[in-house]
Each structure stands twice: as structure tokens, then as C-alpha cells.
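The next block holds one structure in the form of C-alpha cells; read it before the comments.
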Amino acid sequence: MSGAMTVQILLATCNGGRYLAAQLDSIFAQTWNDWQLLVRDDGSVDNTPDILADYRQRYPDKMVMLAADGIRLGACANFARLMAAADADYLLFCDQDDVWLPGKIARTMETMRALERESGAAKPLLVHTDLAVTDASLTVVRPSLWRYQHTRPEYGSCLNRLVVQNYATGCTLMFNRAARDVALPLPLEAQMHDWWLALVAAAFGRVGYLAEPLVLYRQHGLNDVGAQGFTPGNLLKRCRQWGETRAMLCRIQRQAGAFLERYHGRLTPAQREMLGTYSRLDSYNGLRRRWYLLKYRFFYSGLLRNLGRLIIG
């Protein structure tokens, strides 16, 4: 990769042929054109490899395909493999079924450069943005994912908030080389690649955000995560599905424990105490758990979520 190349886009694909061309077209239409597209296909059996080969032939200087190894990794590990292969100063995650608005890279880079001026480029830095939620035909149904989910991205810069809830949607992320270097390798306990990177940036650098939808977030029923609103009905459902909710919370606590173990020597004493408490939260009785939720401000975004957490205990 040439020294002038500063941006790599990490595209993880798997059976995405139905929507992939629209995403690729939106990348090639970006106003910021100093980038390279790094792609790894996760064993597609549809026409995804053919589409990628066609674009690779048309844009040989802009696309790099990681060698097919026949191993199905899943979304998180697929992106981790791309992260390990990347070598640019700035990296962006890209899902196969969305569409980027033309100024996505340029606008995100503006926020990244502002973070660098404030905090220094040597620190792990991450920027995420809002998204417009669409249906399968790209008709906008929710102009802001953040408003739809009742999330406040400013809370996502605090480690005690990020340890319980991920605020950074992966397909909007830009992060610098320092964040990549600290984050890798992703442990098995990482819930998702974007969440782990956000934890790294919050603990050791900065998390920035841009309150502007720069991605058309296509919902088609087969999304790995997808856009999910939060209503009183959601709260009641989680309370009724006690076993599933508790299992999810335990997985998130294990992620916190893995983060503490990995970075113990780099964390401040206060960070170690907070992460240790959260990773062991399920071992305490209900009253003590609720006390720790309040003491360390393990709060979610939105009153309903926090009421639900206190009810669950």
C-alpha cells in the first residue's frame, strides 16, 4: 500500500449478492476518494463472489481481496481478520447491505481530525455517526436511528456507560491505527468488533460522534443485528424472557472481564475497580447488584432501559 493512502474500508461479505452492488456503488461515489477497499468473503454460496470479481476487474487499483480460505468465521471474526490485514492510518467498517451517503468518509474524517487536534493522533480514537433506517427498498422509515432507539451518543464516550451498552454502530465507524493496534486480537468474549473497539477508545483515547445520518441502514429481515426500537413493550418482553435476558447480561459481563484481564496493566485503578465490579455483577445478590448499578452509574440511555435494569436486578 502506498504511503499516500490513508484510508482503508473493511468490507465483510457473506451471501450479500442481493444488495452488494448498491453498497459498492455508494463507496465508489464518495467525495473523499483517497481510499482502498479491503474485502474478505466469508464463504458465500450466492453470487457475491461474482459481484466482487466484477468490481475488482473494473477497479483493480482500489480493491484488494483477502485470499479465500474456505473458513466461515461469522461477522465479528470476519471483521477482525480484516482489521489484522489492514495497514492504513484510518479504517472504516462497511456492511454489505447498506448504502453510504456521498460525504460519509469526508464528514467522518473531519470529526476524526478534530479529535486528533484535541487529544493527539497517537491515542486510540474512534468516530461514529447516526444512521437513517430504511426498508429493503431504501425508503427511509426512520430518519435517525438514535432517535428511534432513544439513545444519546454523548453517553457513549464514558467507559462505565459503554461497558453495559454499545452506542457505536459498526457500519458507521472510523478508527485510527492506534485503536486497531490496541484492540487486536479480539477475544472470544468480545460481543462484537465495534463494541470492543469502542471500549478501547473510551478507556485509552477518545470516542467522538457526528450527529448526522451518513448511512442508509437497510433493514431486510436478515440483518446480523439490525435496528430495534425500545418501547414499554420491549421492556415487558425482556422481563418475561428472564432467562434470555440474564444470559445476555452474563455475556456482556464476561466481555468486561476479558477487557479487564487483557488491559489490566494499562487501566487506571478506578477503571480496574469499575470493570471488576461489573464483570462479577451476577455473583452478587439482587440488592447489592442494584447498589453497584447506582454507585458506578452503570446506566443505559433512556429512563425505560434503566428502570428495566433495576427491575431485573
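Hey, among P102, P60, which residue is out of contact with any Lys or Arg (no Cβ under 9 Å at 6 or more places or on another chain) and without any contact (Cβ under 8 Å) to a residue 12 or more places away in the chain?
Working: P102 fails: without any contact (Cβ under 8 Å) to a residue 12 or more places away in the chain.
Unique residue meeting the criteria: P60.
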Selection over the range 112-131 where residues are open to solvent by less than 10 Å² (accessible area, probe 1.4 Å) and at pLDDT below 95 yields a count of 0
Would you confirm, using the coordinates I've provided, whether T268 is β-branched (V, I, T) and at pLDDT below 95?
no
Applying the selection to the range 98-111, what residues are part of a helix (DSSP H, G or I) and either modelled with pLDDT under 95 or buried (at least 20 other Cβ atoms within 10 Å of the Cβ) (or both)?
K104, I105, T108
Some residue of the range 34-54 being more than 18 Å from F79 (Cα to Cα), touching a residue at least 60 places away in the same chain (Cβ under 8 Å), loosely packed, with under 14 Cβ neighbours inside 10 Å and not aliphatic (A, V, I, L, M):
no
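Which residue, of Q8, Q57, Q36, is farther than 21 Å from L125 by Cα and out of contact with any Cys (no Cβ under 7 Å at 6 or more places or on another chain)?
Going through Q8, Q57, Q36 in turn, just one is farther than 21 Å from L125 by Cα and out of contact with any Cys (no Cβ under 7 Å at 6 or more places or on another chain): Q57.
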Within the range 232-255, can you find the residues that are modelled with pLDDT of 95 or more and either touching a Ser or Thr at 6+ places or on another chain (Cβ under 7 Å) or open to solvent by 50 Å² or more (accessible area, probe 1.4 Å) (or both)?
R251, Q253, R254
Residues located in the range 132-166, provided they are within 19 Å of A201 (Cβ to Cβ) and open to solvent by less than 10 Å² (accessible area, probe 1.4 Å)
G156, L162, V163, V164
Of those in the range 256-269 that are open to solvent by 70 Å² or more (accessible area, probe 1.4 Å) and in a helix (DSSP H, G or I), the residue nearest to D194 (Cα to Cα) is R262
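The values are calculated or read from the model by the stated rules, or taken from the named source; none is laboratory data. All values derive from a computational prediction rather than experimental measurement. Glycine gets a Cβ as well: all are built from the backbone with ideal geometry, and neighbour counts include every protein chain shown. Only protein heavy atoms, including side chains, enter the accessible area calculation; ligands, DNA and RNA are left aside. Shrake-Rupley method; radii C 1.70, N 1.55, O 1.52, S 1.80 Å.
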